[in-house]
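Step one of this worksheet: look at the structure below.
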Amino acid sequence: MIKDWLVNAKHAVVFTGAGMSTESGLPDFRSTNKGLWQQKDPSQVASVEALNTNVDEFIDFYRKRVLGVKEFEPHNGHRILAEWENVGRLKSIITQNVDGFHQLAGSQKVAELHGSLQKIHCQLCGTSHNSQAFLEGSYRCECGGIFRPSVVLFGEMLPKQPFEMALDEASRADLFIVLGSSLSVTPANQFPLIAKEHGAKLVIVNQEATPFDGFADLVINNRQIGDVLKEWHCF
Ligand code: APR
């Protein structure tokens, strides 16, 4: 079944969450017992309020996450998706991830709904740098503002361009494959439904069950994404 869908799709789109990068060594957020939000309250470290009232913990949290995306790298699953795009089997990737691993693995058409840890910008004047600078010097900008990662914080709107690209891609998809997301966060978790409503076959590959499994044409739980993609790569 999935083989036919993959081979015959005219506009396949992949939607990834943090589960896509755990096999690279990066933690996800909600995996039972080991997700980041099992240890930390996101409102204390990943929100606009935290940036304004809890800046030392905010900076410490994000310096650790920036270190992670510099220390780890894309795994074979990221490379398979890039190869699928290269041969025309995959049209685009919509990702909630901020690690930049899809692009580092070679994927070209990627909508980063939640921004990227690979970049930082000043909260006040907008001056932007590669996030390597965030690890070394002060997080203070010359203008007196604070340098912060160019990711979407809780309480912020999603960036317009990737959101509109994701909307267009989900509406055009005839095969929409979710890889490694609990589908807990709106509005990102609406894209699988939008694809489904526009006639796409919906596939969800996730270690644990998600609230959207009932809408899917195929659900694969309790398997590693890397293994599933390797298996599909043979088609
Ligand atoms: N293979 C398959 N599934 C996996 C793997 C793996 N190797 N590793 C983890 N998973 C699954 C987990 O079971 C979990 O349900 O991936 C899912 C990841 O879900 P979350 O941790 O909630 O991550 P995500 O869905 O990307 O979160 C969305 O929430 O905090 C915000 O901005 C953050 O972008 C993030 C958003």
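The values are calculated or read from the model by the stated rules, or taken from the named source; none is laboratory data. Just so it is clear, the structure is predicted and the values come from calculations on it, not from any experiment. Note that each Cβ is placed from the backbone with ideal geometry, even for glycine, and that neighbours are counted across all protein chains shown. The accessibility values were calculated without ligands, DNA or RNA, using every heavy atom of the protein model including side chains. Shrake-Rupley method; radii C 1.70, N 1.55, O 1.52, S 1.80 Å.
To make sure I understand the rule: partners must be lysines, Cα under 29 Å from the Cα of K40, and not fewer than 8 residues away in the same chain. Which ones qualify?
Cα-Cα hits under 29 Å: K64, K70, K119, K160.
How large, in Å, is the chain by the Kirkwood hydrodynamic radius built from its alpha-carbon pairs?
Radius from the Kirkwood sum: 18.3 Å.
Quick one: pull the percent of accessible area on region 187-235 belonging to carbon and sulfur, 1.4 Å probe, ligands and nucleic acids left out.
51
Apply the Karplus curve 6.51 cos²θ - 1.76 cosθ + 1.60, θ = phi - 60°, to the phi angles in region 207-224 and return the couplings in whole Hz, x for Gly and Pro.
Listing the rounded values in order: 3, 10, 5, 10, x, 9, 4, x, 8, 7, 7, 8, 10, 10, 9, 6, 9, 6 Hz.
Determine how large the accessible area of K91 is when every protein chain is in place; take a 1.4 Å probe and give Å² rounded to the nearest 10.
For K91, the solvent-accessible surface is approximately 80 Å².
Sorted from largest to smallest, which semi-axis lengths in Å does the alpha carbon gyration tensor of region 16-140 give for its equivalent ellipsoid, taking the root of 5 times each eigenvalue?
They are 27, 18, 12 Å, listed from largest to smallest.
From the residues L175, F147, S128, which one has its Cα farthest along the dipole of region 126-178 in the positive direction, the dipole being from +1 and -1 charges on Cβ of Lys/Arg and Asp/Glu about the Cα centre?
Projecting each Cα onto the dipole axis, the largest value belongs to F147.
Per residue of region 128-133, in order, report the coupling 6.51 cos²θ - 1.76 cosθ + 1.60 (Karplus, θ = phi - 60°) as ³J(HN,Hα) in whole Hz, putting x for Gly and Pro.
10, 9, 5, 5, 4, 5
For region 71-146, which whole percent of the accessible surface, found with a 1.4 angstrom probe, sits on carbon and sulfur atoms?
So the carbon and sulfur contribution to the accessible surface is 47 percent.
Using amide H atoms built in the peptide plane, which far-off residues or other-chain residues are under 5 Å from T16 H to H?
I94, T95, Q96, L179
Any idea what angle helix 160-172 forms with the longest principal axis of the chain, computed on alpha-carbon atoms, 0 to 90 degrees, nearest 10?
The helix 160-172 is inclined about 10 degrees to the chain.
Below 22 Å, Cα to Cα, which lysines can K201 reach? Residues fewer than 8 away in the same chain don't count.
K3, K10, K91, K109, K230
Could you give the dipole magnitude of the chain about its Cα centre, charging the beta-carbon of Lys and Arg +1 and that of Asp and Glu -1, in debye to the nearest 20?
280
Hey, how many Å between the Cα centroid of region 67-89 and the Cα centroid of region 176-235?
Between the Cα centres of region 67-89 and region 176-235 lies a distance of 18 Å.
Compute all pairwise cysteine Cβ distances in the chain, then list the cysteines with no distance under 4.7 Å to another cysteine.
Within the chain, the cysteines lacking a partner Cβ under 4.7 Å are C234.
Once every DSSP H run of n ≥ 4 in the chain is given -39500 (n - 2.57) and the sum is divided by its residues, what mean residue ellipticity at 222 nm do you get, rounded to the nearest 500 deg cm²/dmol?
-9500 deg cm²/dmol
If you plug each phi of region 54-65 into the Karplus form 6.51 cos²θ - 1.76 cosθ + 1.60 with θ = phi - 60°, what whole-Hz ³J(HN,Hα) values come out, in order, with x for Gly and Pro?
Taking θ as phi minus 60°, the curve returns 9, 4, 5, 5, 4, 4, 4, 4, 6, 5, 5, 6 Hz for region 54-65.
Helix 76-86 sits at what angle to the longest principal axis of the chain, using alpha carbons and giving 0 to 90 degrees rounded to 10?
70
Quick one: order R172, R30 from most to least accessible surface, probe 1.4 Å.
Accessible-area ranking of R172, R30, largest first: R172, R30.
Give the accessible surface of region 45-193 per residue, rounded to a whole number of Å², with probe radius 1.4 Å and ligands, DNA and RNA excluded. Intermediate results must be reported in sequence, preceding the final value.
Values: 6550 Å² over 149 residues.
Value for region 45-193: 44 Å² per residue.
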